[in-house]
């Protein structure tokens, strides 16, 4: 990750008070943009990434040389059409793609922050990204959109800045991380911390806890897929062999696939960032922020919502997405909701699922048209 | 354009807030959006219909009227529309109560089982009537609670539900459809 000096960064001078009590200032927020901001500055969409995403939503990620994480959805003529809209995406604070995170150098010690980096929350991430509006001189965004942890940021954004976005699309997310969600994240964290190389978070770049991080990724990857999807893709198929080998090598294709997923992940992700970001997700409880009444989070907002869930997503199931719909309906807010049929599990929002992509596209385009009609 | 849509749309005041319960493929919502008010949304149970509504650029909430109307607050809509689906609910009485709670007024249409062709079909053929509005066989019909216009009027009277019948023709023998504006 040596090219990180070249990525676009906004240096935020204004002090940001974090939920943990500490204050940070003069910190970098790495971002990327797609499309062009029009003269009226009314076509901006802020896209929030999920746990292991980054600012490179579309096109080729210059660091990994792979397709951006949301290439199916963001791009020219795509659901989030960059010929029409100006898409901004930032790496969350705590991340490892150029934004302020645990792998940054602590000027006091001249070493990486490691676990001396302050614990951050979804609220902190959103508050940091709000500075992008000021930077681009955008009075009001056209939309905030994101899936999974990105969806949580959408909810937090509207709650924090009720009149700063015309529309919002939270996808496959929740207003409150469940015990199961926390349990699965803890599994990943323990796997990293059990790696001898982790050294309480103060590891060297050439001796990082890759094994622990790879296992964390493998476990998490299973939660992003559905049982049916796994069965159909892999079943009990064997990996380049005709029979079982009676050993612990990867006999099955699914084993080999997971090992591969783990091994490529460690090349692009920092283990401490994984700890910090999963922690931020676990701490997310918008309902509790409003004393048990989720509706209160949206009381001051007139943002038009469209909420999307997937049939086979067991990580952030439809029932949890529906709670957000109920909270908005109970205030009589403008909200649409669709549960998309897909057997690709939680990952559906990142994949080529036509009903999903069409839903996003139609909602955005119709809403944009309506906003412009009102102005005339 | 179905004639029924025209009649329903004419019952709605301009710029009012409307919920179309069981909005189907969104044809009625589209007509109302283009002609009467854009503050309209639909509740629909079928995924394929939800997609059709989204394609039309309509606001739709995927959900089940029997369970999901309760999330809307009291009198949150000026009109709640229920077009030809009352007979398909497990508990139509509960749905009517919810419509009247959520909407200041409810527009309810029902396929009239008292229509003369229906009566004649049953009288002479001795089989369950099949008509344009009731196209299914007895074994695959979604309609669980068929009623006549007279039944519906009697029901409203019994439950002290006001029927605002202006411009409505609910002749039990000659109407294929009953169209009612009701309020508590």
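Here are the numbers for this structure:
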| quantity | calculated |
| --- | --- |
| Gap separating the Cα centres of segment A:17-36 and segment A:323-375, nearest whole Å | 27 |
| Per-residue average of Cβ from other chains inside 10 Å of B:68-80 | 3 |
| Residue exposure sequence - B:116, A:69 - by fewest surrounding Cβ within 10 Å | B:116, A:69 |
| Of A:226, A:273, A:319, the one that fluctuates the most in a GNM where chain A has Cα springs shorter than 10 Å | A:319 |
| Gain on full stretching of the segment that runs from residue A:200 to residue A:371 - 0.36 nm per residue minus C-alpha separation | 56.4 nm |
| Other protein chain Cβ atoms within 10 Å, averaged over every residue that makes up A:336-344 | 4 |
| Listed residues B:19, B:69, B:99, most fluctuating in chain B (Gaussian network, C-alpha, under 10 Å) | B:69 |
| Extension gain (nm, one decimal) between residue B:104 and residue B:67, 0.36 nm per residue minus Cα-Cα | 11.4 nm |
| Cα long-axis angle, helix B:92-102 against chain B (0 to 90 degrees, to the nearest 10) | 30 |
| Peptide-level mean, for B:45-55, of C-beta atoms on other protein chains within 10 Å | 4 |
| Label point distance in nm, residue A:160-residue B:132, each placed 7 Å from Cα along Cα→Cβ | 5.8 |
| More than 40 angstrom apart: percent of Cα pairs within the protein assembly as shown | 35 |
| Spacing of the two label points (7 Å from each Cα toward its C-beta) at residue A:238 and residue B:34, in nm | 6.3 |
| Computed FRET value (nearest 0.05) for residue A:193 with residue A:341, which takes r as the C-beta separation and R₀ as 60 Å | 0.95 |
| R0 of 30 Å, Cβ-Cβ distance residue B:125-residue B:156: FRET efficiency to nearest 0.05 | 0.45 |
| Overall dimensions of segment A:241-376 as given by Cα atoms, namely Rg and Dmax in Å | 20.8, 73 |
| Label-to-label distance, nm, for residues given as residue B:145 and residue A:23 (7 Å Cα→Cβ offset) | 6.2 |
| Sequence-separation-based contact order of segment A:78-121, relative, with Cα cut under 8 Å and 6+ spacing, percent | 22 |
| Relative exposure of B:132, A:228, A:296, judged by other C-beta atoms within 10 Å (fewest first) | B:132, A:228, A:296 |
| Residues A:97, B:128, B:146, sorted so that the one with the fewest Cβ neighbours within 10 Å comes first | B:128, B:146, A:97 |
| Among B:94, B:140, B:160: highest mean-square fluctuation, GNM of chain B, C-alpha pairs under 10 Å | B:140 |
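Computed from the coordinates by the stated procedures, all read-outs in this text should not be read as laboratory data. Model, not experiment: these values are computed from the prediction. We place every Cβ from the backbone using ideal geometry, glycine too, and count neighbours over all the protein chains shown.
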